[in-house]
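Engineer: Can you keep this structure in mind? I'll have questions shortly.
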Amino acid sequence: MSGGGGYWRRATDDRCAPRLLRDRVATGGVRIPVSKKSRAGSRRQKRSAQPQCSTSSVTPAGRRSAPGLKRRRAALAISGLLLVAAADYSWNAATIGGLVGYDATHHLEYVLTLVHEQRLPHPLEGWSTFHPPLYYLLGTLVWSAVRPLGIPAALLGVREISALFMLAAGLVGFLLVLRLDGSLTVASVAAALVLFVPVSLMAATAVGNEALGVGLGALALLALVRLQADPRDLRMAAVAGLMAGLALATKYTGLFVAAACVVPFARVDFDRRMLRALVLCGVAGAIIAGPVYVRNIVLTGSPVPMTRNLEPMKSAEERFIIRERRVWDYLWLNPESLWRPTLFHVRGQEGSLDNRNPAMTNIWGLTYASVWYDAFRHRIPIEFHRDGIYSGRLLTLLGIVPTALFLVGFFIALRELIRRRGRTADAPLVVMTSLGLLAFIAFTIRAPSAVAVKASYLLPLATPAAVFFARGAGLIGARMRVAALVISALAGLAAAAVFTNGLIFPPLAVPK
C-alpha cells in the first residue's frame, strides 16, 4: 500500500521516468531551472546509481508519451462503457411502460402538479410530496419543453434525467478508481458494475429522484477526494459543497455525502486556510439545500417529514409486513433469498402479487436480492416470479464475487481509516458508506414493511462501492484477481441482458 493512500503499487519505476516528469513531481508541478554546470555535475555523480532503463521509457519526438497513451486508453474504455450503457438506458426508457419503478406514479404526479398548478405541493399532501423538490423542478422543465411532441416524448425526456445522472455515477466511479491507483482493467469492471447492476439499471430508466441524487453525490465525491488530499483547496471546497447541497435538495439520502464533506477538515493540523475552505463548503451547500429544509420545518415542524405513517400510504405498506423484525434478521444472510430472489417467489406456487416469500424477512437477503434482481417486480413480469425461471438465480450467484470484493475492500478501508485517524485518501467514501449502512439499518428497524428494505436506498453508495470493489480486487493474487474480474464482468453483462426490455422476457408495454 502506497504511503499516499493509493491501493496498488504502480508498475513503473519512478527512477526510469522521463527526467522532466521527475523534476515536476519532485517540485509539486513547478519546473525549477538548474544551471548547466550543476546539471552536468549531478549527472556524473548519479550515473553509477541510475537503473538501466529500457528505451520504451523514453519518448522520442513525435511519439505519444506513456502517460498520454494511458489517458487515451482510459478515455476509450470509459467512452465505450458509457455508450453501451446510454444505448441500453435509452432503449429501455423508450420501449417500456413509463410508470415502472418505485412509486413512479406518485413521482410523476408531483411533476404534473408543478406543471399544471405552478406550485410546490405541501410536504404531507401526497404520497411522494415529502421529497425535496429538485428532481421535480427539473422534470417540470423537461416535461414543459418536450410536451408539444406528445406525452410519450415528454415522459421519455423526464426519464432521461435519471439515465444521464446514472451515467455520471459510473464515470465518477471509473475516475476515482484510477485516481486511487487502480488499474484500467479494474476501473473498467468497477464502472461497469455501477452502470449495469440491476438496481442501477432500474433506477436509470425510472421516473424518480434516486438516480439524480446518486449522480450529484458522486460528483461531490470527486471533489471531496481531491479536497482530502488538499483541504485548503477553495475551488474543490466550493464544488463539493455545491454538489452535496444539490444532492440534499434531491433526496434525504444526500445527507450521507453532506456529512462526508466534513472529513477532509477533521485533522489535527487544522488552520485558518482550512477553516476558510470548510466555511465555503458549508455555505455553498446551505445556499442550495437550506431553503428546502427551512420550508419543511415551517410547514411540518420537521426538517425531514415523511408520509409513510399517513393514510393511504400506511395501509399500503402494511400489506407488505410479513412479520415483525427480529434481531436475528440482521445477523445472517438466508441463502433461500438467493435461490428465490423476489418477494413474490414462493416455492411450488405460481407468481402472484399476493405471495410473500418467507425468506425475505431476512434483511440482508432482501437487500441483496433487490441489488442483484427485481425483488419487488418492477421489470420482470409477475408470471415469471416462480420456480423454473433461472435468471434471478444466475444474477444472485454471479453477484457473490463482486459483492464479496466490495465488502472486503470496505472493511479494509475502514480499518485503515481508524488506524490512520482519518488521514487516508478514501476517508470521505468510507465515512459516507458507513453512515449510509447505519442509516439503512435504523430505517428498517423503524419501518417493519418489506418495502422499506429496498436497495435503492443504498444506491448513493454505488460510486464508493466501485472504489472498495477495486481495493478488494487489489488484495488477492493475480490469478484469482483475473478470475474475479471475469466473473464480475459477466455479472454486469448478464444483468444488462436480463434487464434489456424484450431481450430475455416479453417486452413491457410501450406508453401511449
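Engineer: Ranked highest first by average number of other Cβ atoms within 10 Å, how do 501-507, 258-264 line up?
Structural biologist: Averaged packing, sorted descending, gives the order 258-264, 501-507.
Engineer: Which distance in nm do the two modelled labels at Val283 and Val298 give, with both placed 7 Å along the Cα-to-Cβ direction?
Structural biologist: 2.3
Engineer: Expressed as a whole number of Å, what is the distance separating the alpha-carbon centroids of the stretch 190-209 and the stretch 221-288?
Structural biologist: 26
Engineer: Here's a follow-up. For the stretch 323-398, what is the Kirkwood hydrodynamic radius in Å, using each pair of distinct C-alpha atoms?
Structural biologist: Here the Kirkwood hydrodynamic radius works out to 12.1 Å.
Engineer: Round to the nearest 0.05 the FRET efficiency obtained for Phe443 and Leu69 when R0 = 60 Å and r is the Cβ-Cβ distance.
Structural biologist: Between Phe443 and Leu69 the formula returns 0.80.
Engineer: Just in the stretch 243-329: which trypsin sites (Lys or Arg not before Pro) are loop by DSSP and have at most 16 other Cβ atoms within 10 Å?
Structural biologist: Sites meeting the loop and neighbour criteria: Arg267, Arg308, Arg319, Arg323, Arg326.
Engineer: At 20 °C and 1.002 mPa s, what whole-number value in µm²/s does Stokes-Einstein give for the translational diffusion of the stretch 219-260, with Rh from the Kirkwood sum over Cα pairs?
Structural biologist: The estimated diffusion coefficient comes to 215 µm²/s.
Engineer: What helices does the chain have that are whole DSSP H segments, at least 24 Å long along their own axis by Cα, and with mean Kyte-Doolittle hydropathy of -0.5 or more?
Structural biologist: 66-95, 151-179, 210-229, 272-300, 400-419, 427-446, 478-498
Engineer: Kindly provide the helix-only [θ] at 222 nm of the chain, computed as the sum of -39,500 (n - 2.57) over DSSP H runs of four or more divided by all residues, to the nearest 500 deg cm²/dmol?
Structural biologist: -19000 deg cm²/dmol
Engineer: Sort Tyr136, Tyr368, Tyr373, Tyr293 so the one with the fewest other Cβ atoms within 10 Å of its own Cβ comes first.
Structural biologist: The most exposed by this proxy come first: Tyr293, Tyr368, Tyr136, Tyr373.
Engineer: If you work out Cα Rg over 2.2 N^0.38 Å from the coordinates, which of (1) 0.92; (2) 1.05; (3) 1.24 do you get?
Structural biologist: (2)
Engineer: Taking 7 Å along the Cα-to-C-beta vector as the label spot, tell me the Arg326-Leu76 distance in nanometres, rounded to one decimal.
Structural biologist: That separation, rounded to one decimal, is 5.6 nm.
Every number in this text was worked out from the coordinates using simple rules, so none of it is lab data. Just so we're clear, the structure is a prediction, and the values are computed from it rather than from any experiment. Cβ sites come from the backbone with ideal geometry, for glycine too, and all protein chains shown count toward neighbours.
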